[in-house]
Structures are given as structure tokens and as C-alpha cells.
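Here the structure comes first, spelled out in C-alpha cells, and everything after it is commentary.
The values are calculated or read from the model by the stated rules, or taken from the named source; none is laboratory data. Keep in mind that this is a model prediction, so the values were computed, not measured. Please note: Cβ atoms are built from the backbone with ideal geometry, for glycine as well, and neighbour counts cover all protein chains shown. Ligands, DNA and RNA are stripped out before the accessible areas are found, and what is left, the full protein with its side chains, is counted by its heavy atoms. Shrake-Rupley method; radii C 1.70, N 1.55, O 1.52, S 1.80 Å.
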Amino acid sequence: MNINGFKLPVFFCLLIVLAFSPLRAQNVLDDIEEEDRTESSSTSEVSPNLILETIKSISSSKKIFILTNQNQSYSRGDFISILFANKLVCRALVAKTTNDKLSGIKIIKIYNLSLWKQLSQGKEVLILKGDDSYFSNKEKTPAKEVSPKDKKSNKLQTDDDLFNSTSLENNEDDLSFDENSKRLIKPDNLLSFNVGLLTSKDIDGAATKYTQISASWGYQIADSIWVEAAAGTNTIRDYPFTSLDTRLINLEFRAKYTLSAPFYSYFQPYFGYQTILANSPTAGVDPGDNSRSPEDLAKELQLVKNLKKSTIIFGVTYLKRIVPGWFFRADLGTDILNGGLSIEF
């Protein structure tokens, strides 16, 4: 059968092609749009490996950063990337970590120089451990010519600046976790445990020394300026009478200044205030056997009272570092002679 010169099978084939071609074109467009939507949404998603941390300190050259590591998700030797304003800023190597959840990192590559310059102490950043190709599909800034003078200055000039070996020895790039390098003892806290000799009185009123165990806590309120609180205790046997005991409690407050000394040691001259309390619950109490007269009981109370005192004190503390974080300590003052161990934190 012919229709206007065309055979019927050919006519039907043309109808089928014309009918389905718009649908096919629409499907292709839908596929492309769906792919674009998928790619767009995937690039806008935040990687589950991102961790929010805070910048604690930055060296003057901005090559060394001290970051919090609250989740302890990265450790020494790891490569990490820093993101700020949801953009990749720089690449770094973790050079040091501490138990108090801090880490020191060295910048090895900069992706975005303008954002890198905005990083400052106290700002929160996102940390990505390991591969950062998920975020690195961005156009890079063309490399710029760097003059020999700029190269010698050890300053970063381009986004792709890699630090040379000399920068590792720069005194500015100290991986110390203390924000103030002027302090001789970097941490703010010093906890000490001591055994010493406390000067007091015996039953005859003569000066004598008693062995006392004490502990103290020092806090650095400014560069090398410390305040310290100390407490110690000991028991005097057969005072103020046979079979009676008296407990001495020594409370002290000191202000100290740290001076450097040879062989990793320090001197801390101090002045302060000392209060000694005495407690003997059975002193002056009639045992009921007529063994002590009222005069004897009154004397017992007076002997206990004689042990109490409050006075201004002076002296010096000597600290000798024995291992990182630990010191041998000695106190020589009008208050007490002490020897013990101190730990910084």
C-alpha cells in the first residue's frame, strides 16, 4: 500500500521516531540537570572528617600554629589541612602534641593567601586530617616571581610557598606551647610535695624543729611572678603532757619572682605570711583521776597556745629541673626548711 508515494512501513517508522524523539531529548536534559544537582550538592556538603578547633597561638612569621586538639583526632607526624570560611586555606604537618590537648603544627603549603593572612589567635578553624583532594578542586593563583631579597627574608610570598630548611631553625618558629616566651618557666602551675623542718617550741619553751610534710600550689600571674599557697602538718608526741599529742598546721602564702640559674635551675626569692595553728583536744581537760591539778591543766592550755603564731616570712626557693616537667625543690627561709619534688602543668 502506498500513501503519497511512501510505503506504509516507512510511514509508521517516521511516526515512531517523531513521537519518541522529544521524550528522549527531555530525558537527556533531565539526566544532565540531575547530574549537575548531584555534583553541586556533593561539593557543598561538609565532610564528616572535619573537626572544629581553635587557634591558641601563632608565631610572628605565621609558620608555626598552636591549635587545640580537643578530640585528639590527629597526632604527631600527621598531615592536616586548615579550612576557614568553608574554604581550604593551608596544608600543615603536626610537629608536636601534648597531653593537655594542644598541638603544634608547621605550615608547609598555602592554598589561599588572603584567608591565611586572616587567621589569628582565638579564631575557630576546621581541621581535615589526611587527603584534602575533596576540597582542592579550585583554581590556583598563578605563581609570582620572588626576588632574591624576599627569599632571604624567610617570608611567605605566594600561595604555593614551601618553606626551606632554614626556616626550621628560625628562633621565631618555636614549637613551645606557651604563648609568652619571656617566661622562664613556661606553664602557669607548679605543684609541690615536700618534707621539711618547721621551727617551733618544745615543752620547756626552747626552740626546736619538727619534721613536717607539706604541699604547695604555685600559679604564675605574670611573667616569672608567682603566688603560692602552702599547707603542712605534723604531730608532736607527749605535748603538752605525757600521753597527750598536739597537731600543728602550717599555712603559708608567698609571692615569688623567678630568676634563671645555671644547669637548668631557678631561684625564686619570696616573701609572704605564715600562720601556725595548734590543736590538742585533750589538753586542759581533767581526766578525772586527780593526776593533774587545775594549775597543770591551765599550763597545758598555755603550752598549746604558745605554739600558735602568725608572722611575715622571707626566703628563697631553689628549683632544679631533673626531667621534663619535674623539678627538685628546696626552700630555705624564716618559715621552714624544705626539700621535695615539683611538677609543672
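Listing for the model above:
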{"quantity": "Search result, residues across the range 260-286 that are part of a strand (DSSP E or B), open to solvent by 70 Å² or more (accessible area, probe 1.4 Å) and in contact (Cβ under 8 Å) with a residue 40 or more places away in the chain", "calculated": "Ser260, Phe267, Phe271, Tyr273"}
{"quantity": "Checking Glu300 against (1) crowded, with 19+ Cβ neighbours inside 10 Å; (2) under 20 Å from Leu190 (Cβ atoms); (3) in contact with a Gly (Cβ under 8 Å, 6 or more places away or on another chain), the condition it does not meet", "calculated": "(2)"}
{"quantity": "In the range 98-124, the residues that are without any contact (Cβ under 8 Å) to a residue 40 or more places away in the chain, under 27 Å from Glu344 (Cα atoms) and not charged (D, E, K, R)", "calculated": "Asn99, Ser103"}
{"quantity": "Output for the range 117-135, where each listed residue is surrounded by 11 or more Cβ atoms within 10 Å (Cβ to Cβ) and modelled with pLDDT under 85", "calculated": "Gly130, Asp131, Asp132, Tyr134, Phe135"}
{"quantity": "Qualifying residue in the range 236-247 (condition: among the polar types (S, T, N, Q), surrounded by fewer than 12 Cβ atoms within 10 Å (Cβ to Cβ) and over 29 Å from the mean Cα position of the chain (by Cα))", "calculated": "yes"}
{"quantity": "All positions within the range 303-333 that are open to solvent by 80 Å² or more (accessible area, probe 1.4 Å) and touching a residue at least 24 places away in the same chain (Cβ under 8 Å)", "calculated": "Lys305, Lys308, Lys309, Ile312, Phe314"}
{"quantity": "Residue satisfying condition, being over 22 Å from Phe135 (Cα atoms) and over 20 Å from the mean Cα position of the chain (by Cα), within set Ser103, Ser57, Ser114, Ser61", "calculated": "Ser61"}
{"quantity": "Identity of the residue in the range 334-345, buried (at least 18 other Cβ atoms within 10 Å of the Cβ) and assigned to a strand (DSSP E or B), that ends up nearest to the chain's Cα centre (by Cα)", "calculated": "Glu344"}
{"quantity": "The range 94-108 - residue that is open to solvent by 40 Å² or more (accessible area, probe 1.4 Å), modelled with pLDDT under 90 and not polar (S, T, N, Q) and, of those, nearest to Gly77 (Cα to Cα)", "calculated": "Lys96"}
{"quantity": "Single residue of Leu83, Leu50, Leu88 found to be farther than 18 Å from Ser120 by Cα and either at pLDDT below 90 or open to solvent by less than 60 Å² (accessible area, probe 1.4 Å) (or both)", "calculated": "Leu50"}
